[in-house]
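The values are calculated or read from the model by the stated rules, or taken from the named source; none is laboratory data. Treat the numbers as computed from the prediction; the structure is a model and nothing was measured. Methodologically, a virtual Cβ is constructed for each residue, glycine included, from the backbone with ideal geometry; neighbour enumeration extends over all protein chains shown.
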Amino acid sequence: MVGLQWKRRARVMLTLLSASVCLVMLIFCIWWPSVTDLIEVEKCPACYGVSLCPAITRGLLTVDTFGSVAGFVNILGSKNVLFGMLGNQKVVLKKLGHAKELVNLDSIICEEANLGSSCHVNEAIWQQGDLIHSIRQHVANQGGGLLLCPTVVLPEQDGWPVAKYLGACGRVVVEEYAGEMLTSYHNAPWLQRANFAYQLLIAAHNFTDSHPLFGFYLTDISADNIALDSHGRLRFVDLENVIIVDRNAPVEDRPLSWNVPHVSETYDCDGCFAFSAQAICSHSRSDHNFYAVCQHLLGPLAAPDMIPGGLLHDTPPAHAHIVELVRECSEPRDPSGRFRAAHKLTILLAEVLQKHSYSV
């Protein structure tokens with residue numbers, strides 16, 4: 001008798017669970033935004049571009065409804081990052097801002113046009129003739145395009161370790177899906193992680209020194225903003241928070257500290273990523289990217305909830321010098337020590353990887 005009652009209760013619980021799952025899926029489908037809802041193309045020219053609009057009109061871009069729990073969480077948290085398909089290619093859709101930030105942007109545009117805090121944004125833009133004229137004049141004076149998006153300024157096809165930019169339509173930009181997050185490789189074989197560390201250091205150098213006009217300093221360099229493709233190539237997938245320094249600023253605009261390399265301060269706490277944008281922008285060159293990589297990705301002070309112990313945790317005793325260089329790069333003993341330690345660490349990792357037949 002007791003067994004029969006238990007079976008009945010189990011069937012009732014399973015029925016309720018099934019009904020709950022169906023209800024959640026129904027709500028999910030109702031709440032999930034369509035591509036048309038996302039792009040807000042009616043707000044152009046206050047948008048990111050229209051190059052992908054023809055593909056959307058043909059129905060080639062779709063949002064992945066059930067393929068990503070992260071996507072659902074992002075919508076609920078207003079991060080506005082979703083996964084989808086562009087034809088047969090897996091892609092990431094971004095609105096480049098939280099929902100509240102975009103609402104505030106629209107309010108500012110409307111208020112600047114003296115149309116109140118709520119108006120048709122596209123009409124407000126075109127009514128601001130002086131603004132449009134100023135932008136056009138600035139672009140003409142620069143002799144090129146207006147540079148707004150790091151994934152456009154740093155194209156993947158030129159070798160930059162970023163997700164490939166595919167285009168935009170309205171308030172959405174579309175990038176290739178770059179692969180699994182670095183956090184997924186926390187327990188990968190040490191040599192594989194050493195290869196990732198080498199790529200991170202090369203990227204830090206390139207973002208700092210390789211662009212002919214600008215230095216790019218990453219301010220959101222957590223392990224879940226870095227992906228690895230099927231070939232093990234590293235990609236930075238979130239460049240929405242980047243400090244861009246014009247290394248060729250007019251002489252009259254340069255502060256007295258301009259030609260002295262900026263040294264990032266270190267903080268002895270797990271996951272503390274503090275920096276001064278004003279200080280970085282007051283120098284033509286900063287060690288910020290090396291500080292970010294060494295202290296917040298490679299070493300033991302990396303965020304414990306993301307990559308406990310750092311990417312190079314459990315380094316074999318035979319490579320103890322690597323641990324010493326990571327420590328010196330993270331917390332240098334003299335002002336110029338971080339640049340030197342990062343350079344030595346890059347060379348040493350390359351030697352170790354080549355010895356074990358890794359291509360660097």
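Scanning region 39-54 for residues that are over 20 Å from I125 (Cβ atoms) and touching a residue at least 60 places away in the same chain (Cβ under 8 Å) returns a single hit, L52. When region 227-263 is limited to residues that are touching a residue at least 60 places away in the same chain (Cβ under 8 Å) and not in a loop (DSSP other than H, G, I, E, B), the one that is farthest from H283 (Cα to Cα) turns out to be A227. For region 100-126, the candidate set comprises residues that are polar (S, T, N, Q) and modelled with pLDDT of 85 or more; within that set, the residue that is surrounded by the fewest Cβ atoms within 10 Å (Cβ to Cβ) is N104.
Here is a check on your reading of the model: is D314 closer than 17 Å to R193 by Cα, surrounded by fewer than 20 Cβ atoms within 10 Å (Cβ to Cβ) and of a type in the set (D, E, K, R)? Considered against the rule, which asks whether it is closer than 17 Å to R193 by Cα, surrounded by fewer than 20 Cβ atoms within 10 Å (Cβ to Cβ) and of a type in the set (D, E, K, R), D314 comes out as yes. Restricting attention to region 29-46 and to residues that are closer than 22 Å to L86 by Cβ and at pLDDT below 80, the residue that is surrounded by the most Cβ atoms within 10 Å (Cβ to Cβ) turns out to be W32. In region 157-176 there is no residue matching the filter, namely being under 16 Å from the mean Cα position of the chain (by Cα), among the small types (G, A, S) and not assigned by TED's automatic domain parsing to the domain that holds G59. Selection of region 292-309 for residues being part of a loop (DSSP other than H, G, I, E, B) and among the small types (G, A, S) yields G299, A302, A303, G309. For region 324-360, the set of residues classified as under 13 Å from Q295 (Cα atoms) and either buried (at least 17 other Cβ atoms within 10 Å of the Cβ) or in contact with a Leu (Cβ under 6 Å, 6 or more places away or on another chain) (or both) consists of L325, V326, R327, E328, C329, S330, E331, P332, R338, A341, A342, listed by residue number. A Cβ distance below 7 Å, combined with a sequence gap of six or more or placement on separate chains, defines the contacts here; from region 171-198, residues that are closer than 16 Å to S357 by Cα reach residues that are of a type in the set (S, T, N, Q) and in a helix (DSSP H, G or I) in the pairs Y198/T346.
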